[in-house]
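Asks: Let me begin by handing over the structure; questions about it come next.
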Amino acid sequence: MHTNYRALATPGVQGLQPYQPGKPIDELARELGLDPAAIVKLASNENPLGPSKKALAAVSAAAADLCRYPDGNGFNLKQKLAGRYGLSSGQITLGNGSNDILELAARAFVSCDDEVVYSQHAFAVYPIVTQALGARHVKVKARDWGHDLEAMAEAVTDRTRLVFVANPNNPTGTLAGKSEVKRFLQRVPETVIVVLDEAYCEYMVGDDMPNGVEFLADHPNLIVARTFSKAWGLAALRVGYALSSVELADVLNRVRQPFNVDALALAAASAVLDDEHYLELSREVNRLGIQQLEAGFDELGLSWIPSQGNFVAVDVGRPALAIYEALLREGIIVRPVAAYEMPDHLRVSVGLEHENARCLLALKRVLGN
Ligand SMILES: *Cc1c(COP(=O)(O)O)cnc(C)c1O
């Protein structure tokens, strides 16, 4: 007798498709028999600068206490975040990456057969957490690749428990403006939880950019999710956080594991918040890199989606999977996004200038134009 364990899993889990991460450098190096140093990875929206020196020093110092459990309440980090945003520590929930926050929010508020609203082309984790809970997917058609917040507000019913909004969105880089977000929050009933995922907010360029923190006072149903993985350069350590009303933070803190953020991660995140120079440099390198990629795509005659993130989705004018694979053979890792209903696009993360240049050159060779 063979037991089919997948059939024993909950109905939601049986239908799960695992998240597809960017291909790791070492994996491609093994496959191609290449030196990892010869490979350019622009596939996971990582910070190309390397980590902040202050974060590295804090990790070294914290390593002396590896035998101890971390501070389960993250006192220091919460104090710093509270000071930075003018909130109280009680409004903060720390997460093992902001992915953890997204999952905590869903686990806390969504049951089987409830509805979760999110946008077409939105971050893959929203459908995954929805599916895992056996909840109903309400995927709202995008407008010009971005979230149609009007339609998303209209899609809310009395079965809706949670709405995910990525702003800026990954993998499209699209942004809903401040007044649009404001109107959306005003329309969604207070009994529906809104998760505003601002993983890329530090990269936004322009006047009067939307900032979830400003909406917290008027919207006790709002969870603003942020991360140290992108502009703050700590993706390996897995630290994110939620900003919300005290009431919502209390619920999220009941669901999370007691030591969900480890001691090295807490130390590094606290330290990097004192490294404003690192953040400024990250933003500047990104701004220039976005321009470089856009100009390069223009030269190749490719259209792209204007991005407020640290990546650009480019339309290669044909099924992109073959182009992705050809780029791998050139030692360049980017991200195919067919699973986001974007079969002709590739998502290219911003790298250092020479990395962007190598990617554009390889793309030119592969496309033969
Ligand atoms: C990268 C990303 C996150 C954060 O990931 P963590 O590393 O878990 O903090 C969250 N939301 C979106 C839209 C992202 O692209």
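Asks: Of the residues Asn253, Asn221, Asn211, only one is in contact with a strand residue (DSSP E or B) (Cβ under 6 Å, 6 or more places away or on another chain), in the same structural domain as Asn169 (by TED's automatic domain parsing), open to solvent by 40 Å² or more (accessible area, probe 1.4 Å) and more than 14 Å from the ligand (Cβ to nearest atom); which?
Replies: After ruling out the rest, the residue left standing is Asn253.
Asks: Looking at (1) within 12 Å of the ligand (Cβ to nearest atom); (2) in a strand (DSSP E or B); (3) out of contact with any Lys or Arg (no Cβ under 9 Å at 6 or more places or on another chain); (4) not hydroxyl-bearing (Ser, Thr, Tyr), which one does Trp232 not meet, given that it meets all the others?
Replies: Going through (1) within 12 Å of the ligand (Cβ to nearest atom); (2) in a strand (DSSP E or B); (3) out of contact with any Lys or Arg (no Cβ under 9 Å at 6 or more places or on another chain); (4) not hydroxyl-bearing (Ser, Thr, Tyr) one by one, Trp232 breaks only (2).
Asks: Test Gly173 against the stated conditions and say whether it is modelled with pLDDT under 95 and either surrounded by fewer than 17 Cβ atoms within 10 Å (Cβ to Cβ) or assigned to a loop (DSSP other than H, G, I, E, B) (or both).
Replies: No: the conditions fail for Gly173.
Asks: In the range 95-129, which residue that is more than 17 Å from Gln20 (Cβ to Cβ) and in contact with a His (Cβ under 7 Å, 6 or more places away or on another chain) is nearest to the ligand (Cβ to nearest atom)?
Replies: For the range 95-129, the residue satisfying everything is Ser119.
Asks: Looking only at the range 128-140, which residues are under 15 Å from Asn99 (Cβ atoms) and touching a strand residue (DSSP E or B) at 6+ places or on another chain (Cβ under 6 Å)?
Replies: Within the range 128-140, Thr130 is the sole residue that qualifies.
Asks: Could you say which residue among Leu87, Leu34, Leu42 is more than 20 Å from the chain's Cα centre (by Cα), open to solvent by less than 40 Å² (accessible area, probe 1.4 Å), more than 26 Å from Arg136 (Cβ to Cβ) and not aromatic (Phe, Trp, Tyr)?
Replies: Answer to the check: Leu87.
Asks: Separate question: Given the criteria assigned to a strand (DSSP E or B) and either without any contact (Cβ under 8 Å) to a residue 12 or more places away in the chain or under 30 Å from Gly86 (Cβ atoms) (or both), does Val181 qualify?
Replies: On the way: assigned to a strand (DSSP E or B): no; either without any contact (Cβ under 8 Å) to a residue 12 or more places away in the chain or under 30 Å from Gly86 (Cβ atoms) (or both): yes.
No: the conditions fail for Val181.
Asks: Cβ-Cβ below 6 Å, separation at least six or inter-chain, first residue in the range 49-62 and open to solvent by 70 Å² or more (accessible area, probe 1.4 Å), second in a helix (DSSP H, G or I) and of a type outside the set (Val, Ile, Thr): which pairs?
Replies: Within 6 Å, the pairs are Lys54/Ala271.
Asks: Of all residues being closer than 13 Å to Leu300 by Cβ and charged (D, E, K, R) in the range 353-369, which is most open to solvent (accessible area, probe 1.4 Å)? Just the residue, please.
Replies: Only one residue fits best here, namely Arg365.
Asks: Also, quick follow-up: Is it the case that some residue within the range 265-284 is over 30 Å from Tyr241 (Cβ atoms) and either open to solvent by less than 20 Å² (accessible area, probe 1.4 Å) or in a helix (DSSP H, G or I) (or both)?
Replies: no
Asks: Of all residues in the range 124-151, how many are part of a loop (DSSP other than H, G, I, E, B) and open to solvent by 30 Å² or more (accessible area, probe 1.4 Å)?
Replies: Qualifying residue count, the range 124-151: 4.
Asks: Which of (1) hydrophobic (A, V, I, L, M, F, W, C); (2) within 27 Å of Ala217 (Cβ to Cβ); (3) away from the ligand (no atom under 16 Å from the Cβ); (4) out of contact with any helix residue (DSSP H, G or I) (no Cβ under 7 Å at 6 or more places or on another chain) is the odd one out, the single condition Cys67 does not satisfy?
Replies: (2)
The values are calculated or read from the model by the stated rules, or taken from the named source; none is laboratory data. This one's a predicted model, so the numbers in the text were calculated from it and none came from an experiment. A quick note on method: Cβ atoms are made from the backbone with ideal geometry, for glycine too, and the neighbour counts reach across all protein chains shown. We work out accessible area using only protein heavy atoms, side chains counted, and drop any ligands, DNA or RNA first. Shrake-Rupley method; radii C 1.70, N 1.55, O 1.52, S 1.80 Å.
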